[in-house]
Amino acid sequence: MYHLECIECHNKYQASEVVYTCTCGGLLDVIYDYSDIQITKKDLIGPLSVWKYRALLPVEREPISLHEGGTPLYRVDRLAKSVGLKDVYIKHEGMNPTGSFKDRGMTVGVTKALELGMKTVACASTGNTSASLAVYGARAGIPAVVLLPSGKVALGKLAQALMHGARVLSIRGNFDDALKLVRDLCDREGFYLLNSVNPYRLEGQKTIAFEIADQLGWQAPDRLVLPVGNAGNITAIYKGFRELKRLGIIDSVPKMTGIQAEGACPVVRAIRNNAAMITPEGKPETVATAIRIGNPVNARKALIAIIESGGTAETVSDEEIIRAQHELASLEGIGVEPASASSIGGLRKLVDMGAIEKDESVVCVTTGHLLKDSEHVLAVCPKPIEIDATIEAVRRAVFSC
Ligand SMILES: *Cc1c(COP(=O)(O)O)cnc(C)c1O
Ligand SMILES: [Zn+2]
């Protein structure tokens, strides 16, 4: 029904094998026998969730689930007007059980871990992956080990990993160092690796594309804009749209548009230089910690997604990220973490540059919830006004500016 296949040399691996990359070093993809999958719009009537699209997911057993997916797609006319477009939507992935899209990958990935008989799950994380793995590990009743870059994880995410009982290791190094270490650890100890190099995790995340098309009445938008860190999500969403097209459910695939922070932008550089591969950055830096990654493991897949779909990649400064976060929150009532706001900052920049046509329909994916990173909020917003407990003081404070 499905197998794993190297995207470079097309070497095949059985679905029952525990393998993350090809012997040639290439990334793996889950390949289905699509002639086996008869699915039409009619089969897809009903409420949204990751498991609604089970016919297109590589899992046999009962899922480990907390009702992930089914996130809102908001039409945002005030924001659209502000950036100079007509048709803009936000797919708010912060509305997943742990507050980020990582849950879509983890419900599938942790279910797969049990199916493969794995006893412990592990990941490196800028924060959200660890929060999600801790939660799904707890839900599955198996231990989770998470490696985090010391001092660079937003408090809300760390709190989740701790409270849900993961073994939390704080690495004196950055995310890229932590990922290298956890891959080594998983090889040595037989732990199941649930970073986005794991192709099963991306299968869960491709349901973002299914839901967007579903919510738009089985149509694809012209363009998708989203933050790129380890570059798994842009890959997964592209695959989701391609599958729907292949099954005859939609007619077109959106232009995949990846946004990175100026201080961590290897994918953008590769696109600008027409390079087939990225050049890793040794010291990634940005306020958007979820995309503070210098050596994205899925870069090859992401470059293919961007180029094949006719999309692009662009950077935003930390200032633009924070401005976009404020704007989305105050103009539309949608609270997202800094990395997520980079998609809005990037949208504005690309419209200003003339790289996005005024009549394009655009969906921005906001990847994580505002409450993940309250410390950052306190740092960039005005402080509460402390006053005496009298009506005079309240009135003075309300009307002063
Ligand atoms: C993980 C994450 C990203 C980056 O996604 P990739 O698949 O690594 O590119 C962006 N934003 C948030 C909030 C995340 O948690
Ligand atoms: Zn290979």
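Tabulated data
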| quantity | calculated |
| --- | --- |
| Failed condition for VAL88, given (1) in contact with a Cys (Cβ under 8 Å, 6 or more places away or on another chain); (2) farther than 30 Å from MET277 by Cα; (3) part of a loop (DSSP other than H, G, I, E, B) | (3) |
| Residues being in contact with a Phe, Trp or Tyr (Cβ under 9 Å, 6 or more places away or on another chain), surrounded by 24 or more Cβ atoms within 10 Å (Cβ to Cβ), outside any helix (DSSP H, G or I) and not aliphatic (A, V, I, L, M) - total across region 199-229 | 2 |
| Filter pass, ARG246 being over 30 Å from ASP318 (Cβ atoms) and either more than 13 Å from ligand 1 (Cβ to nearest atom) or hydrophobic (A, V, I, L, M, F, W, C) (or both) | yes |
| Some residue of region 230-249 being assigned to a loop (DSSP other than H, G, I, E, B) and surrounded by fewer than 16 Cβ atoms within 10 Å (Cβ to Cβ) | yes |
| Residue list for region 310-358, filter: of a type in the set (S, T, N, Q) and more than 13 Å from ligand 1 (Cβ to nearest atom) | THR312, THR315, SER317, SER330 |
| Residue in region 1-19 that is nearest to ligand 1 (Cβ to nearest atom), counting only those that are in contact (Cβ under 8 Å) with a residue 24 or more places away in the chain and in contact with a strand residue (DSSP E or B) (Cβ under 6 Å, 6 or more places away or on another chain) | ILE7 |
| Flag if SER65 is away from ligand 1 (no atom under 16 Å from the Cβ), surrounded by 12 or more Cβ atoms within 10 Å (Cβ to Cβ) and either in the same structural domain as GLY217 (by TED's automatic domain parsing) or among the small types (Gly, Ala, Ser) (or both) | yes |
| Which listed residue, of LYS12, LYS41, is within 16 Å of ligand 2 (Cβ to nearest atom) and either among the β-branched types (Val, Ile, Thr) or surrounded by fewer than 16 Cβ atoms within 10 Å (Cβ to Cβ) (or both) | LYS12 |
| Sole exception among (1) buried (at least 24 other Cβ atoms within 10 Å of the Cβ); (2) away from ligand 1 (no atom under 11 Å from the Cβ) for ASN128, by number | (2) |
| Among the residues listed as GLU360, GLU392, the single one being farther than 19 Å from ALA290 by Cβ and touching a residue at least 24 places away in the same chain (Cβ under 8 Å) | GLU360 |
| Region 87-108: number of residues that are touching a strand residue (DSSP E or B) at 6+ places or on another chain (Cβ under 8 Å) and either buried (at least 24 other Cβ atoms within 10 Å of the Cβ) or not hydroxyl-bearing (Ser, Thr, Tyr) (or both) | 11 |
| Count - residues of region 20-38 that are assigned to a loop (DSSP other than H, G, I, E, B), within 15 Å of ligand 2 (Cβ to nearest atom) and in contact (Cβ under 8 Å) with a residue 60 or more places away in the chain | 2 |
| Pair list, Cβ < 6 Å and 6+ apart or interchain, from region 200-219 residues that are over 21 Å from HIS3 (Cβ atoms) to residues that are assigned to a helix (DSSP H, G or I) | ILE208/ILE237; ALA209/ILE237; ALA209/GLY240; ALA209/PHE241; PHE210/TYR53; PHE210/GLY240; ALA213/LEU244; TRP218/LYS41 |
| Selection count where residues are of a type in the set (Val, Ile, Thr) and touching an Asp or Glu at 6+ places or on another chain (Cβ under 7 Å), scope region 100-148 | 2 |
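The values are calculated or read from the model by the stated rules, or taken from the named source; none is laboratory data. This is a predicted model, so every value here is computed, not measured. Methodologically, a virtual Cβ is constructed for each residue, glycine included, from the backbone with ideal geometry; neighbour enumeration extends over all protein chains shown.
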